[in-house]
1. Just need a number here: residues in the range 262-285 that are loosely packed, with under 14 Cβ neighbours inside 10 Å, over 15 Å from CYS176 (Cα atoms) and free of Cβ contacts under 8 Å to residues at least 60 places away in the same chain.
2. Scan the range 117-148 residue by residue and report those that are touching a Lys or Arg at 6+ places or on another chain (Cβ under 7 Å) and of a type in the set (Phe, Trp, Tyr).
3. If you scan the range 173-198, which residues turn out to be part of a helix (DSSP H, G or I) and either hydroxyl-bearing (Ser, Thr, Tyr) or in contact (Cβ under 8 Å) with a residue 60 or more places away in the chain (or both)?
4. If you check GLY13, GLY72, which single one turns out to be open to solvent by 10 Å² or more (accessible area, probe 1.4 Å) and either in a helix (DSSP H, G or I) or among the small types (Gly, Ala, Ser) (or both)?
5. Name the one entry in ASP424, ASP340 that is surrounded by fewer than 20 Cβ atoms within 10 Å (Cβ to Cβ) and not polar (S, T, N, Q).
6. ILE300: in the same structural domain as THR197 (by the TED database) and either free of Cβ contacts under 8 Å to residues at least 24 places away in the same chain or not in a loop (DSSP other than H, G, I, E, B) (or both), yes or no?
7. Can you give me the ranges of the strands (runs of 3 or more DSSP E) entirely in the range 450-518 with at least 3 residues that are buried (at least 22 other Cβ atoms within 10 Å of the Cβ) and of a type in the set (A, V, I, L, M, F, W, C)?
8. Condition first: part of a loop (DSSP other than H, G, I, E, B) and either crowded, with 17+ Cβ neighbours inside 10 Å or touching a strand residue (DSSP E or B) at 6+ places or on another chain (Cβ under 8 Å) (or both). Now tell me which residues in the range 51-62 satisfy that.
Amino acid sequence: MKYVLVTGGVVSGLGKGVTASSIGVVLKACGLRVTSIKIDPYLNTDAGTMSPFEHGEVFVLDDGGEVDLDLGNYERFLDVTLTRDNNITTGKIYQSVLEKERKGDYLGKTVQVVPHITDAIKDWIESVSLIPVDGKEGPADVCVIELGGTVGDIESMPFIEALRQLYFSVGQDNFCLIHVSLIPVLGVVGEQKTKPTQHSVRELRALGLTPHFLACRSAQPLLESTKQKLSQFCHVPAANILNIHDVPNIWHIPLLLQNQNAHNAILKQMDLVRVAKPVDLREWTRRAETFDNLTKSVRIAMVGKYVGLTDSYLSVVKALLHACIACSFKPSIDWIAASDLEDDSAQLNPEAYATAWKTLKGAACVLVPGGFGDRGVKGMILAAKYARENNVPYLGICLGMQISVIEFARSVLHLEKANSEEFDPQTLDLVVIFMPEGSKTHMGSTMRLGSRKTLFQTPDCIMSKLYNNSKYVDERHRHRYEVNPEVVGTLEEAGLRFVGRDESGKRMEILELPGHPFYVGVQFHPEYKSRPGRPSAPFLGLIMAATGQLEAYVHTQQNGSI
């Protein structure tokens, strides 16, 4: 196994995940099989209980793993299916070591960070890197490892030491270290500054790791003089200093690496030149150019709780992008804080209230994504009502589906107290209930998680046709609450159709509203399986409905032409 380690310096949030994914793309384009591991030095066992405001979205894998959003980047870029073990955290490592200690596996020894924690990290990396993630048999050729955080952080020290030992044990032909750093430009001077990177590399070398490559983030392309200075003071050949400057869209980054001959230099470092094929990034080039050449845009109202940080909905944004490109449009997302649509906001912040409603009414479609807690729920209900009554295409995901059920029960069935058990456990009209198998005492990994099968109840529905007339679909879930099966009959009599259910037939998965251009709710999270070139069906339906393409598409599917 060959290892590519991506570390970061100077500041966090430089784009290590996209860099690591792009390196994987160029290696895959050379005919190599690639897998990925993300190391997060925090003590949480997984990302499941962390706030989206603090850490961005929680990405969910097929096996139910709640992981860092960078694993979503890996899956989208490399088109692989990762496992929960591809995300290593300090919490997982310490938990596994302490369990062994309690069982007596260390035979009375004093359990220490070195060697026990570092050995556990190395063993984890070596075992997980062998798991096939691309649907083929046997291990991958290259494992790209991203070390989260910034070099010098106290919490990442055991991982740095473990990776130093791994480098020593596998040999220099099997290991490549790429250090991502920032080259800032001070406004007054206008000069590209190399000193932060010099200090970062010095810190890394003091810990026993010397980078083979520098991936330098900057607003503008690096000057040749800057490269020479970095090479001289960071002990890295000038040819191995890669510049990842700002680009119109992230699909250009693999092309940036190719243009700088990064693939050949990495292959040479890992002695893979003989087994690799000539790089083929024609599909990526087409994809990047197609997006750059789009002129028309479609306005999408995203009504959510965590709109202050767009990374909170990263996979949703990517799924919208994939769907828009398939329809030859650029996405123009209007972020609306759900609480700004509420009546209380009209008194407390009339300007935000007016802006929110103006934005909502100016959008071609409405999307209500997932979330937890009751903040902003009233605003989401108003958004769902507006979309339903005004024939505006609507997609509700997870909480967004439950919101559409609550709104329908209140407005059409006139159940004014209709609510979810999550928001009002005492209400007599519970249309959304806590799942029987859920835990009310423990939060982590107690939801209905991972890939589950949804069976279509009839082929005569929009969603079945969007899923290519499939009888069932496997999508990823992350929820504690579900539509109350006892009210389904009443809701359907009033016009709502639950066209997708789980294998028991009692859990509602997909709803549609006949007679509406596109009013769909899904209990699962389709955004997690959306890929460039293979957009997710619910998102594709939403954008086609918003751009007037859905009717023709459904008609072709009905006639079996596609």
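1. 2
2. Answer for the range 117-148, where residues must be touching a Lys or Arg at 6+ places or on another chain (Cβ under 7 Å) and of a type in the set (Phe, Trp, Tyr): there is none.
3. If we filter the range 173-198 for residues that are part of a helix (DSSP H, G or I), which is where we start, we get 173-174, 195-198.
Matches in the range 173-198: ASP173, ASN174, PRO196, THR197.
4. Working: GLY72 fails: open to solvent by 10 Å² or more (accessible area, probe 1.4 Å).
The unique qualifying residue is GLY13.
5. Working: ASP340 fails: surrounded by fewer than 20 Cβ atoms within 10 Å (Cβ to Cβ).
None of the other options fit; the residue is ASP424.
6. On the way: in the same structural domain as THR197 (by the TED database): no; either free of Cβ contacts under 8 Å to residues at least 24 places away in the same chain or not in a loop (DSSP other than H, G, I, E, B) (or both): yes.
Answer is no for this residue.
7. On the way: elements: 472-479, 481-483, 497-501, 508-512.
Correct list: 508-512.
8. In the first step, residues of the range 51-62 are kept if they are part of a loop (DSSP other than H, G, I, E, B); the result is 51, 56-58, 61-62.
Correct list: GLY56, GLU57, VAL58, LEU61, ASP62.
The values are calculated or read from the model by the stated rules, or taken from the named source; none is laboratory data. Predicted model, so just to flag it, every value in this text is computed and none were measured. Because the Cβ atoms are built from the backbone with ideal geometry, glycine has one as well, and the counts that use them run over all protein chains shown. We work out accessible area using only protein heavy atoms, side chains counted, and drop any ligands, DNA or RNA first. Shrake-Rupley method; radii C 1.70, N 1.55, O 1.52, S 1.80 Å.
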